[in-house]
Amino acid sequence: MWRSGVPDRHFFYLHSGFARSLGFMVTDKKVERLENASVKLTITLDKDSVKKEYDDTVRHYSKSAQIKGFRKGKVPLEVMERKFGPSLRAEALQKLLESGLKEVLDDIEEQPLPYAQPTLTDEDIDLNPEEDLTFSVQYDVFPTIEPGEYTGLEVEEPQVEVSDEDLDRELKAIQEQNAMVQEVEDTPVEKDHIVTLDFWEVDAEGNPVPDSERQDFVFTVGSGYNFYNVDEDVIGMKPGEEKTVTKEYPEDYSFKEIAGTTKTVQIRLKTVKKRDMPELDDELAQDVSDKYKTLQDLKDDIRKRMVDTAEARVRETKSNNLVKKIVEGATLDVPESMVRAELSQFWQDFIRQTGSTEENVMKMLTMQGKSPENLFEEWRPNAVERLKGRLVLGKIMEAEGVEVTDEELEESIRERAEESGMELDEFKGYLEQQNMTEYLRDQLRETKLFDQLFEKSKIVKGEKVKFLDLMQRKS
């Protein structure tokens with residue numbers, strides 16, 4: 001009939017409109033700043049308000065109470081108190097806590113973050129209808145941010161050049177994409193052949209290890225894209241042949257499930273295919289796109305796109321270097337609830353990147369002896385640094401008054417529509433459907449901000465980096 005025990009420790013009503021104003025008197029409120037952008041809020045309600053809420057609660061339930069010896073709705077209040085006292089006090093206390101907190105939060109600057117619901121700090125709080133009620137809650141607030149010095153900083157800019165080797169690698173990839181693949185019989189496997197094989201682990205007695213068999217596995221020899229790293233082992237084999245190999249895997253092996261172990265693997269080669277690579281000539285260029293008439297047209301366009309990509313990555317690296325220096329000189333505490341929200345976003349991104357479902361990702365982690373919590377701990381330093389960077393940049397953007405006008409946004413949308421080959425109205429419709437219009441505005445604001453910061457920084461030449469190494473660096 002009634003809730004019993006202690007009141008809820010978390011106040012989820014704050015954003016649901018559940019709490020009601022009781023019109024009582026808050027006789028005292030005190031905000032205490034804690035570490036990591038957390039606050040402790042202590043509130044005192046006067047005893048008249050406490051008494052009234054308790055009496056109202058008792059009267060409310062007495063109207064519907066059915067107790068032997070009394071007519072429905074005619075149970076004396078003292079009987080109600082004697083029989084249901086703890087539950088009635090808990091009910092009244094919950095209402096007082098919720099409504100009292102709402103009334104105070106409507107009047108103070110220190111607001112809880114959307115994902116940081118206030119938590120009751122009192123372990124053994126109880127209600128005495130004849131006394132004032134004092135209680136405390138703790139919650140996270142938006143952190144105070146002091147950016148420190150963010151102009152005149154020295155920032156390294158990596159030096160990169162697109163070489164002929166980089167161009168040749170891209171051209172080879174185009175050849176492979178346009179190659180004809182044909183099966184070859186009675187031909188030993190060579191590097192770059194495409195092979196299909198079955199494999200399974202065997203134990204010390206030579207018996208297959210349960211659940212280790214994989215059938216019709218396809219990979220390009222030399223790519224390394226296979227679980228047991230058997231590229232070198234299949235070279236020289238012919239279709240129909242089998243081979244047993246014993247492999248030692250280092251502690252840092254890419255597949256953690258077998259890192260630091262020794263495995264004996266049985267291989268059965270089923271098919272061998274090779275790519276019939278087209279010549280690098282004008283005809284290939286025309287096959288790639290109608291906009292190319294000659295092979296030189298294709299080469300020039302590839303080099304231009306690679307230069308553009310390298311410049312974008314250099315700018316990204318330069319931006320990261322600058323943000324790191326700014327954060328080092330900034331003063332701010334990141335609240336734990338904000339870190340948890342960021343880690344939750346990391347988790348969702350991780351699932352999307354796998355192209356699988358959350359259920360399958362959980363199974364994969366279990367097979368590796370891991371859990372999401374393990375990943376969260378690995379990701380935490382990066383999450384904290386990313387949050388600090390965003391928070392500090394937001395503060396600087398506010399201080400510098402960086403804004404993007406509707407005209408600037410419209411021009412950017414027009415340029416992107418042309419790049420995508422879409423009509424302007426069609427591209428606008430796509431942005432609106434994906435809720436990306438304001439996201440694009442934020443991107444433009446950030447670009448503007450970095451343009452200003454770079455102008456006020458000392459840009460120095462950094463290390464020389466190969467194009468491929470730059471592309472493979474983590475951003």
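The values are calculated or read from the model by the stated rules, or taken from the named source; none is laboratory data. Bear in mind the structure is a predicted one, so any value in this text is a computation, not a measurement. Using ideal geometry, Cβ is built from the backbone for each residue, glycine included, and neighbour counts are taken over all protein chains shown.
Rundown of residues vs (1) surrounded by fewer than 16 Cβ atoms within 10 Å (Cβ to Cβ); (2) assigned to a loop (DSSP other than H, G, I, E, B), yes/no style:
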position	(1), (2)
Lys395	no, no
Ala399	yes, no
Glu408	yes, no
Met422	yes, yes
Val460	yes, no
Lys464	yes, no
Lys474	yes, yes
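I'd like the residue in the stretch 163-193 that is at pLDDT 95 or above and among the β-branched types (Val, Ile, Thr) and, out of all such residues, is farthest from Arg315 (Cα to Cα).
Val189
Out of the residues in the stretch 388-418 that are among the small types (Gly, Ala, Ser), in contact with a helix residue (DSSP H, G or I) (Cβ under 7 Å, 6 or more places away or on another chain) and in contact (Cβ under 8 Å) with a residue 12 or more places away in the chain, state the one that is farthest from Asp442 (Cα to Cα).
Within the stretch 388-418, the subset among the small types (Gly, Ala, Ser) is 389, 394, 399, 401, 412, 417.
Restricting the remaining residues to those that are in contact with a helix residue (DSSP H, G or I) (Cβ under 7 Å, 6 or more places away or on another chain) gives 389, 412, 417.
Next, from what is left, pick out any that are in contact (Cβ under 8 Å) with a residue 12 or more places away in the chain: 389, 412.
Numbers: Gly389: 15, Ser412: 12 Å.
Residue satisfying both the conditions and the ranking: Gly389.
Given the criterion in a loop (DSSP other than H, G, I, E, B) and either at pLDDT below 95 or surrounded by 11 or more Cβ atoms within 10 Å (Cβ to Cβ) (or both), identify the matching residue among Asp233, Asp198, Asp211. Spell out the reasoning first.
Details: Asp233 fails: in a loop (DSSP other than H, G, I, E, B); Asp198 fails: in a loop (DSSP other than H, G, I, E, B).
Just a single option satisfies the conditions, and that option is Asp211.
Take the residues in the stretch 96-125 that are among the hydrophobic types (A, V, I, L, M, F, W, C) and either surrounded by fewer than 18 Cβ atoms within 10 Å (Cβ to Cβ) or touching a Lys or Arg at 6+ places or on another chain (Cβ under 6 Å) (or both); name whichever of them is farthest from Pro335 (Cα to Cα).
If we filter the stretch 96-125 for residues that are among the hydrophobic types (A, V, I, L, M, F, W, C), which is where we start, we get 96-97, 101, 104-105, 108, 113, 116, 120, 125.
Filter again for either surrounded by fewer than 18 Cβ atoms within 10 Å (Cβ to Cβ) or touching a Lys or Arg at 6+ places or on another chain (Cβ under 6 Å) (or both), leaving 104, 108, 113, 120, 125.
Details: Val104: 22, Ile108: 19, Leu113: 9, Leu120: 18, Ile125: 26 Å.
Checked the stretch 96-125; the qualifying residue farthest from Pro335 (Cα to Cα) is Ile125.
For every residue, the table says whether it meets (1) farther than 30 Å from Pro239 by Cα; (2) under 32 Å from the mean Cα position of the chain (by Cα); (3) assigned to a loop (DSSP other than H, G, I, E, B).
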position	(1), (2), (3)
Gln117	yes, yes, yes
Ile125	yes, no, yes
Pro129	yes, no, yes
Ile174	no, no, no
Thr187	no, no, yes
Lys191	no, no, yes
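Just for the stretch 277-291: of the residues that are within 42 Å of the chain's Cα centre (by Cα) and in a helix (DSSP H, G or I), which one is surrounded by the fewest Cβ atoms within 10 Å (Cβ to Cβ)?
Per the stated criteria, the residue is Asp287.
In the stretch 321-346, how many residues are loosely packed, with under 15 Cβ neighbours inside 10 Å and part of a helix (DSSP H, G or I)?
The number of residues fulfilling the criteria is 6.
If the requirement is being closer than 30 Å to Lys256 by Cα and in the same structural domain as Lys324 (by TED's automatic domain parsing), which of these qualifies: Glu359, Glu400? Explain how you work it out, then say what you get.
On the way: Glu400 fails: closer than 30 Å to Lys256 by Cα.
Of Glu359, Glu400, the one residue that is closer than 30 Å to Lys256 by Cα and in the same structural domain as Lys324 (by TED's automatic domain parsing) is Glu359.
Given Glu161, Glu183, Glu154, Glu146, which one is surrounded by fewer than 14 Cβ atoms within 10 Å (Cβ to Cβ), under 30 Å from Glu242 (Cα atoms) and in contact (Cβ under 8 Å) with a residue 40 or more places away in the chain? Show your work before the answer.
Working: Glu161 fails: under 30 Å from Glu242 (Cα atoms); Glu154 fails: under 30 Å from Glu242 (Cα atoms); Glu146 fails: under 30 Å from Glu242 (Cα atoms).
Among Glu161, Glu183, Glu154, Glu146, only Glu183 is surrounded by fewer than 14 Cβ atoms within 10 Å (Cβ to Cβ), under 30 Å from Glu242 (Cα atoms) and in contact (Cβ under 8 Å) with a residue 40 or more places away in the chain.
List pairs: first residue in the stretch 109-130 and free of Cβ contacts under 8 Å to residues at least 24 places away in the same chain, second residue surrounded by 15 or more Cβ atoms within 10 Å (Cβ to Cβ) anywhere in the structure, Cβ distance under 7 angstrom, at least six positions apart or on different chains.
Qualifying pairs under 7 Å: Asp122/Phe135; Asp122/Ser136.
Anything in the stretch 142-172 that is of a type in the set (D, E, K, R) and assigned to a loop (DSSP other than H, G, I, E, B)? List them, or say none.
Narrowing the stretch 142-172 to residues of a type in the set (D, E, K, R): 146, 149, 154, 156-157, 161, 164-166, 168-170, 172.
Matches in the stretch 142-172: Glu149 only.
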